[in-house]
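My questions will all concern the structure given below.
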């Protein structure tokens, strides 16, 4: 009983560890770690580039409005379905919680396609995918791993490998300095 209380009281707070990754789609937009966009912006600032945005630099790492809203929705959902969650915990733990709670009750008769979304890992997202980042490799091991990876990547389509297809960038004479 203590475990159930602990989890239901703290599960939504854990969402505040997530960030919005606007470069992704669906529920994969919410993930731990810095988004590619903000990572790039931080790197530019650390290299001395002046970055001007609507958001002050001090707020770049603060919880976004979307994540705060997600937490509020979670709080409401946990409170509204408290009895269902408790029933699952006491009598139905052999059933998948996302099916028992989300598909069969919360989303019953509504679009449940979000439950079928699969995580498609991106470069640098090992920690959020439940894997630990690998240790740095020595020169020979690194070269061998890169060679093996490039040989294996040849058989993947661009979409499967997560590589964006090459596209020309629009350019106009006014872009010149």
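Looking at the stretch 1-10, is at least one residue surrounded by 12 or more Cβ atoms within 10 Å (Cβ to Cβ) and within 20 Å of residue 64 (Cα to Cα)?
Our first condition is that a residue be surrounded by 12 or more Cβ atoms within 10 Å (Cβ to Cβ); within the stretch 1-10, this holds for 4, 7-8.
The next check asks that each one be within 20 Å of residue 64 (Cα to Cα); those that pass are none.
Within the stretch 1-10, not a single residue is surrounded by 12 or more Cβ atoms within 10 Å (Cβ to Cβ) and within 20 Å of residue 64 (Cα to Cα).
Considering (1) touching a helix residue (DSSP H, G or I) at 6+ places or on another chain (Cβ under 9 Å); (2) at pLDDT below 90; (3) more than 21 Å from residue 116 (Cα to Cα), say which one residue 90 fails and leave the rest.
(2)
A further question on this structure: Residue 110 fails exactly one of the following numbered conditions: (1) outside any loop (DSSP other than H, G, I, E, B); (2) modelled with pLDDT of 85 or more. What is the number of that condition?
For residue 110, the failing item is (1).
Then there's this: Can you tell me which residue among 36, 23 is under 24 Å from residue 118 (Cβ atoms), at pLDDT below 90 and exposed (fewer than 12 other Cβ atoms within 10 Å of the Cβ)?
Working: 36 fails: exposed (fewer than 12 other Cβ atoms within 10 Å of the Cβ).
That would be 23, the only listed residue that is under 24 Å from residue 118 (Cβ atoms), at pLDDT below 90 and exposed (fewer than 12 other Cβ atoms within 10 Å of the Cβ).
Mind checking whether some residue in the stretch 42-49 is touching a strand residue (DSSP E or B) at 6+ places or on another chain (Cβ under 9 Å) and in a loop (DSSP other than H, G, I, E, B)?
Going through the stretch 42-49, the residues touching a strand residue (DSSP E or B) at 6+ places or on another chain (Cβ under 9 Å) turn out to be none.
Checked against the condition, which is being touching a strand residue (DSSP E or B) at 6+ places or on another chain (Cβ under 9 Å) and in a loop (DSSP other than H, G, I, E, B), the stretch 42-49 yields no hits at all.
Mind listing whichever residues of the stretch 39-56 are more than 25 Å from the chain's Cα centre (by Cα) and at pLDDT 85 or above? Break it down into steps so the answer makes sense when it comes.
We begin by selecting, within the stretch 39-56, every residue more than 25 Å from the chain's Cα centre (by Cα); these are 47-50, 52.
Scanning the stretch 39-56 gives 47, 48, 49, 50.
Scan the stretch 57-82 residue by residue and report those that are touching a helix residue (DSSP H, G or I) at 6+ places or on another chain (Cβ under 9 Å), in a helix (DSSP H, G or I) and at pLDDT below 85.
Answer for the stretch 57-82, where residues must be touching a helix residue (DSSP H, G or I) at 6+ places or on another chain (Cβ under 9 Å), in a helix (DSSP H, G or I) and at pLDDT below 85: just 57.
Run down 86, 23 and say which single residue is assigned to a loop (DSSP other than H, G, I, E, B), out of contact with any strand residue (DSSP E or B) (no Cβ under 8 Å at 6 or more places or on another chain) and in contact (Cβ under 8 Å) with a residue 12 or more places away in the chain.
On the way: 86 fails: assigned to a loop (DSSP other than H, G, I, E, B).
None of the other options fit; the residue is 23.
Filter the stretch 40-75 down to residues that are over 30 Å from residue 9 (Cβ atoms) and in contact (Cβ under 8 Å) with a residue 12 or more places away in the chain and give me whichever is surrounded by the most Cβ atoms within 10 Å (Cβ to Cβ).
41
Among the candidates 70, 97, single out the residue that is under 23 Å from residue 5 (Cα atoms) and in contact with a strand residue (DSSP E or B) (Cβ under 8 Å, 6 or more places away or on another chain).
Exactly one residue qualifies, and that residue is 70.
Additional query: Go through the stretch 1-20 residue by residue and tally those that are free of Cβ contacts under 8 Å to residues at least 40 places away in the same chain and part of a loop (DSSP other than H, G, I, E, B).
Looking only at the stretch 1-20, we keep the residues that are free of Cβ contacts under 8 Å to residues at least 40 places away in the same chain, and these are 1-3, 5-7, 9-10, 14, 17.
Subsequent filtering for residues that are part of a loop (DSSP other than H, G, I, E, B) retains 1.
So the count comes out to 1.
The values are calculated or read from the model by the stated rules, or taken from the named source; none is laboratory data. Keep in mind that what you see is a predicted model, and the values were worked out from it rather than measured. Cβ sites come from the backbone with ideal geometry, for glycine too, and all protein chains shown count toward neighbours.
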